[in-house]
Amino acid sequence: MGAIISVVNEKGGVGKTTTTYNLSTALALKGYRVLMVDLDYQCSLTVSCGYVPDMKEFGSTNTTDLFEKKDPSEVEDSFFTIDSIEEFCKMHPGTPDITERLFLTPGTISMAEMENKMFINDKIRPQFIRNIQSLKPFFHYILVDCPPALNLPMTAALIASDGVLIPVKPEALDFYGLLALDRTIKTVQENLNPDLIVLGTILNLYRATVKSHNEYLIKLGADTERPLLGTVKETAIVTKGVEMGLPVVLNSPNSQPAKEFISIASTISEIQF
Ligand SMILES: Nc1ncnc2c1ncn2[C@@H]1O[C@H](COP(=O)(O)OP(=O)(O)OP(=O)(O)O)[C@@H](O)[C@H]1O
Ligand SMILES: [Mg+2]
C-alpha cells in the first residue's frame, strides 16, 4: 500500500514543485513506483515535466478528475508517463530506466475554479479523498504538489495524506508564514486526519556562505516537532533542467543539489507509514 505525501507551504517560490519533481524522481531511481499529482492551477509541475497544461494528448484527463469523478475506477487512467524522462533514459543507457516507474497526473488551469466548486458542493472533498486513496495500491509513493495557498484543495490533500513535507526558504517572512501552516496541519490532525505525520522541513535555496541562512539552519535543526530532513543548495543548475523537462537529479546527478535531494529521498524511504 502506497503513502500519500503532500508537499506544502502557502508561501510561493519556496521550492514545492522542485522538491516534488526531484524527490519523486529520486524515489523512482531507487526502484519505487511514484505518482506526482499537480494540484496547482499554475501547473508548474506539469510544465517542469515538459508538458503544456491542458494539451490535447491529455484528453480531458487531469487532476480535476480526482476531484470530480464520482467513481474511483474512473480515475485509474488519469496519470501519464513522462516523455522527457523516457527520452533521457534512452539517451543515457547507464541510468536506471524509470519510464514505467514515474507518473504524473497533469495539472489544469481549470483547477483555479476548484476552490469555489468545493465551497458550493460539499461532495467534492470526499470524492477527492476517496479517489486519490484508491490509487495507493498502484504506487509506493504519491507526492502531491500543492498550490501556494491554505485553500480547500490543499486542505483536502492534507486530509488524504499519510505525510506532509514542508520546503522552506531561509527568509524571515517565510518563517512567519509557517505559523499559519502549523495551525492548519494541527487542525487537520485534531479533526480529520489524526494519522497525518509531519515528515519535516527541507531548507531549500540555502547558501552556506550566508550568515542568516546558517541562523535559520540552526533554528530549523532545533525544531523537534518538524524534523529538518536536509538542505538543498541554491544553484542555477536546479532551474536549468526545467527547460528540458528534467529534474536536477537526472540532469546533473553529481551536482550538490541532486545529491541533497537523493539523500532526502533515502531518508523518506526509511520512514514507515
Ligand atoms: N535549490 C534551488 N536552487 C536554485 N533555484 C531553485 C532551487 N529550488 C527552486 N528553485 C527555483 O525557484 C523557483 C521557484 O521554485 P518552485 O517553483 O519549485 O517553488 P514553489 O514553491 O513550487 O512555487 P509556487 O509557490 O509558485 O508553486 C523556480 O524557478 C525554481 O527553478
Ligand atoms: Mg509550485
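List of remarks:
- Scope the stretch 223-251; condition more than 16 Å from ligand 2 (Cβ to nearest atom), of a type outside the set (Lys, Arg) and touching a Leu at 6+ places or on another chain (Cβ under 9 Å); matching residues: Pro227, Leu228, Leu229, Gly230, Thr231, Glu234, Val249, Leu250
- The stretch 126-164, residues that are within 13 Å of ligand 2 (Cβ to nearest atom) and closer than 17 Å to Gly13 by Cα: Val144, Asp145, Cys146, Pro147, Pro148, Ala149, Met154
- Residue within the stretch 68-86 that is within 12 Å of ligand 2 (Cβ to nearest atom) and more than 30 Å from Glu270 (Cα to Cα) present: no
- For the stretch 8-30, the set of residues classified as near ligand 1 (Cβ under 9 Å from one of its atoms), under 11 Å from the mean Cα position of the chain (by Cα) and not in a helix (DSSP H, G or I) consists of Asn9, Gly15, listed by residue number.
- Each residue in the stretch 31-50 was checked for being assigned to a helix (DSSP H, G or I) and near ligand 1 (Cβ under 10 Å from one of its atoms), and 4 of them qualify.
- Gly2 satisfies every condition listed in (1) at pLDDT below 95; (2) over 15 Å from Ile268 (Cβ atoms); (3) more than 16 Å from ligand 1 (Cβ to nearest atom) except (2).
- Residues (of a type outside the set (Lys, Arg) and surrounded by 12 or more Cβ atoms within 10 Å (Cβ to Cβ)) located in the stretch 100-112: Leu102, Phe103, Leu104, Thr105, Pro106, Gly107, Thr108, Ile109, Ser110, Met111, Ala112
- The condition (being over 22 Å from the mean Cα position of the chain (by Cα) and in contact (Cβ under 8 Å) with a residue 12 or more places away in the chain) is satisfied by just one residue among Lys70, Lys56, Lys90: Lys70.
Here's the yes/no breakdown for (1) under 13 Å from the mean Cα position of the chain (by Cα); (2) crowded, with 24+ Cβ neighbours inside 10 Å; (3) basic (Lys, Arg):
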| site | (1), (2), (3) |
| --- | --- |
| Gly2 | no, no, no |
| Met36 | yes, yes, no |
| Ser44 | yes, no, no |
| Tyr51 | no, no, no |
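- Test: residue in the stretch 84-92 that is loosely packed, with under 14 Cβ neighbours inside 10 Å, more than 20 Å from Ala160 (Cβ to Cβ) and basic (Lys, Arg): yes
- Strands (runs of 3 or more DSSP E) wholly inside the stretch 160-273 that include at least 2 residues being touching a Gly at 6+ places or on another chain (Cβ under 8 Å) and hydroxyl-bearing (Ser, Thr, Tyr): none
- Residue identified as assigned to a helix (DSSP H, G or I) and either surrounded by fewer than 24 Cβ atoms within 10 Å (Cβ to Cβ) or modelled with pLDDT under 90 (or both) among Asp97, Asp65, Asp77: Asp65
Matching residues to (1) more than 20 Å from Ile166 (Cβ to Cβ); (2) of a type in the set (S, T, N, Q); (3) free of Cβ contacts under 8 Å to residues at least 60 places away in the same chain; (4) touching a Ser or Thr at 6+ places or on another chain (Cβ under 7 Å):
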position: Ile218; (1), (2), (3), (4): no, no, yes, no
position: Ala222; (1), (2), (3), (4): no, no, yes, no
position: Glu225; (1), (2), (3), (4): no, no, yes, no
position: Lys233; (1), (2), (3), (4): no, no, yes, no
position: Ala236; (1), (2), (3), (4): yes, no, yes, no
position: Gly245; (1), (2), (3), (4): yes, no, no, yes
position: Ser255; (1), (2), (3), (4): yes, yes, yes, yes
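- Across the stretch 160-185, the qualifying residues are those that are over 12 Å from the mean Cα position of the chain (by Cα), more than 16 Å from ligand 1 (Cβ to nearest atom) and surrounded by 18 or more Cβ atoms within 10 Å (Cβ to Cβ), and the one among them that is nearest to Arg207 (Cα to Cα) is Ile185.
The values are calculated or read from the model by the stated rules, or taken from the named source; none is laboratory data. Note that this is a predicted model, so its numbers are computed, not measured. Here the Cβ is made from the backbone with ideal geometry for all residues, glycine too, and neighbour counts use every protein chain on show.
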